[in-house]
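Reviewing the structure listed below.
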Amino acid sequence: MAPQKSLTGMWQKDKEASDSMDPVCELMQLGWVVRTAMKVISRMQIEDTEESFAFTLKAGGVLDVKERFPRTGEQVEHNRRDKRRGKRRGRLEQTPEGPIIRQGRVWVCEQDI
């Protein structure tokens, strides 16, 4: 199998070719601030190295989403992408087609809050 080409770089969203995020935002009952931030995300910075796969969804500074996943497959924890309370756990899985991020929510017992 040939080595995978690096995905490192700044990727630009093609708004004309993209579907509307409104139905998903409504389904998730996201607030106005988050819905607006999702609309302004136009770029994604990817850092694809031998040690890790990282990305930043660019949404104007404070609302940027940054995540890094080690190539070891180790599970890591990040804040939720929708900026609500809580965390998500995820790990990187390498496939012949490229890296895939597997993730799920972290549930917290209310007495621990």
Problem set entry | Extreme residue, nearest to HIS78 (Cα to Cα), among residues of region 34-58 that are β-branched (Val, Ile, Thr) and at pLDDT 75 or above | THR56
For this session: Examine region 47-62 for a residue that is of a type in the set (A, V, I, L, M) and surrounded by fewer than 14 Cβ atoms within 10 Å (Cβ to Cβ), and state whether such a residue exists.
Result: yes
Exercise. In this structure, is THR36 farther than 19 Å from VAL24 by Cα and of a type in the set (S, T, N, Q)?
Worked result: no
Problem set entry | region 91-113 - residue that is of a type in the set (Asp, Glu) and loosely packed, with under 10 Cβ neighbours inside 10 Å and, of those, modelled with the lowest pLDDT | ASP112
For this session: Would you tally the residues in region 89-103 being out of contact with any Gly (no Cβ under 7 Å at 6 or more places or on another chain), part of a strand (DSSP E or B) and not aliphatic (A, V, I, L, M)?
Result: 5
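The values are calculated or read from the model by the stated rules, or taken from the named source; none is laboratory data. Model, not experiment: these values are computed from the prediction. We place every Cβ from the backbone using ideal geometry, glycine too, and count neighbours over all the protein chains shown.
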